[in-house]
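Accompanying notes for the structure given below.
Throughout, read-outs are computed from the coordinates displayed, never taken from laboratory work. Just so it is clear, the structure is predicted and the values come from calculations on it, not from any experiment. No Cβ is skipped: glycine too gets one built from the backbone with ideal geometry, and neighbour counts run over all protein chains shown.
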Amino acid sequence: MRSVARFVALAACVGMAMPAMAQDKIKIGYIYKMGDAPWFVREIEGAKKRAAELGVELLAQDVQTDANLAVTTIDTYIGDGVNGIAIVVPDRAIGPVAAEKAKKAGIPVIAVDDDIKSGDGSVVPYVGINGFNMGVRVGEEIISQIKAAGWDKDFSGVRVGSIEDQKTDTCMQRNKGAQTALFKGYPQLEKSMISIPYDNSMVNAIDVVSTTLTANPDAKRWIFFACNDDGVLGAARATQNAGIPAEKVIGVGFDGSRACEAFGSGKPSAFRATMWLDSAVDGATGVQALFDKIKNNTPMKDIYYVEPIKMDMQKFASMKTVLGCK
């Protein structure tokens with residue numbers, strides 16, 4: 001009887017232990033947007049790789065630009081029992097909602113790429129870039145390109161196209177940084193700037209820049225910068241379609257996600273350079289921060305900055321493999 005009792009007790013203990021062991025594996029939900037864009041393709045690859053290294057179960061959902069779907073996915077993840085959520089918000093306005101839902105569920109949340117705040121105005125931990133400072137780097141590179149091309153001897157007929165996602169503060173900080181640096185170097189160019197709204201995609205950038213070119217037939221040379229590479233590469237293609245030679249255009253990108261397309265042909269391009277960010281690092285950093293918080297209760301930083309690397313035609317050859325160019 002004692003043997004039977006011991007067996008029953010042992011079985012009960014094992015039965016109780018099994019669910020606990022199953023729950024030991026950390027589960028993280030990752031919400032991202034524009035999953036077909038190279039930036040986010042690489043970002044989620046970085047997140048998945050780090051999750052695998054840490055033994056984390058990663059759920060990933062591309063919500064494109066649908067803010068409602070993002071909110072619904074948060075609810076779904078919480079219902080699935082995730083231990084933490086990383087989110088690239090399609091719209092920063094849902095930040096307070098995301099923060100509140102995570103708080104009620106008792107799980108940490110971290111914003112990636114676009115910073116957000118909770119309902120009381122406090123910051124949510126954020127992985128990304130210092131958008132303004134990155135923009136300054138873009139503006140400084142444009143100045144270098146201007147000097148190298150000899151444009152600083154005569155700015156007549158030059159227009160500056162600031163291609164802007166005006167609904168996204170993070171993007172506007174990048175443009176403002178570029179403007180600040182460029183106009184500090186060449187104040188006379190400020191009066192030549194044209195704000196060109198776009199939706200962050202290359203297709204739309206081609207359309208809006210084409211319209212801008214048509215509206216400014218007296219422009220002889222163009223300078224372009226944008227929130228991302230898509231905006232600048234779109235501008236380069238729009239000018240090419242309009243028959244404007246590449247040497248008459250200076251475009252400097254932002255993020256490096258279109259470097260393969262911009263530099264792959266080896267031919268001179270209006271897309272002169274970009275500030276490359278390895279978005280895989282963003283994804284990996286977000287997962288790591290959540291893991292450290294969940295596993296070891298390590299406090300998350302307010303900001304995890306990712307630093308850029310200048311990429312141009314000269315550096316491209318040695319970076320093809322890292323960039324994943326085909």
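Shape verdict for the chain, please, from the Cα gyration tensor: rounded (a/c under 1.5), prolate (a/b greater than b/c) or oblate. Let's see the in-between values first.
Values: a/c = 2.99, a/b = 2.47, b/c = 1.21.
Prolate, because a/c is 1.5 or more and a/b exceeds b/c.
May I ask you to list, by number, the DSSP H helices of the chain whose Cα span along the axis is at least 30 Å and whose average Kyte-Doolittle hydropathy reaches -1.0 or more?
Working: long enough: 2-23 (32 Å, 1.12).
Helix filter hits for the chain: 2-23.
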Taking square-rooted eigenvalues a ≥ b ≥ c of the alpha carbon gyration tensor, is the stretch 31-93 rounded, prolate or oblate, where a/c under 1.5 means rounded and, failing that, a/b exceeding b/c means prolate?
-> oblate
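Can you tell me how the stretch 131-276 classifies by the Cα gyration tensor, rounded, prolate or oblate, using a/c under 1.5 as the rounded cut?
Values: a/c = 1.18, a/b = 1.03, b/c = 1.14.
Rounded is the answer for the stretch 131-276, as its axis ratio a/c remains below 1.5.
Between ASP36 and SER156, what's the calculated FRET efficiency when r is the beta-carbon distance and R0 is 45 Å? Round to 0.05. Write out the running numbers ahead of the final one.
Working: r = 41 Å, r/R0 = 0.92.
Calculated transfer efficiency: 0.60.
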For VAL249, the residues 5 or more places away or on another chain with a placed amide H closer than 5 Å to its own amide H are TRP222
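What does DSSP give for the chain in terms of the percent of beta bridges that are antiparallel, rounded to the nearest 5?
Around 10 percent of the beta bridges assigned by DSSP in the chain are antiparallel ones.
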The chain - mean residue ellipticity at 222 nm from DSSP helices (-39,500 (n - 2.57) per run, n ≥ 4, rounded to 500) | -16000 deg cm²/dmol
Amide proton proximity set for TYR126, modelled H, under 5 Å, gap of 5+ = ALA111, ILE303, TYR304
In whole percents, the bins of 10 Å from zero upward hold the Cα-Cα pairs of the stretch 80-188 as 14, 34, 22, 16, 10, 4, 0
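Arrange the following residues from fewest to most other Cβ atoms within 10 Å of their Cβ: TYR32, TYR126. All intermediate terms of the calculation are to be shown ahead of the outcome.
Numbers: TYR32 28, TYR126 23.
Fewest to most other Cβ atoms nearby, the residues stand as TYR126, TYR32.
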Short version: ³J(HN,Hα) in whole Hz for each residue of the stretch 220-225, in order, from phi by Karplus 6.51 cos²θ - 1.76 cosθ + 1.60 (θ = phi - 60°), x for Gly and Pro, what are they?
-> 9, 9, 10, 10, 10, 9
Could you run the Karplus curve 6.51 cos²θ - 1.76 cosθ + 1.60 with θ = phi - 60° over the stretch 187-198 and give me ³J(HN,Hα) per residue in whole Hz, x for Gly and Pro?
-> x, 5, 7, 4, 5, 9, 7, 10, 7, 10, x, 8
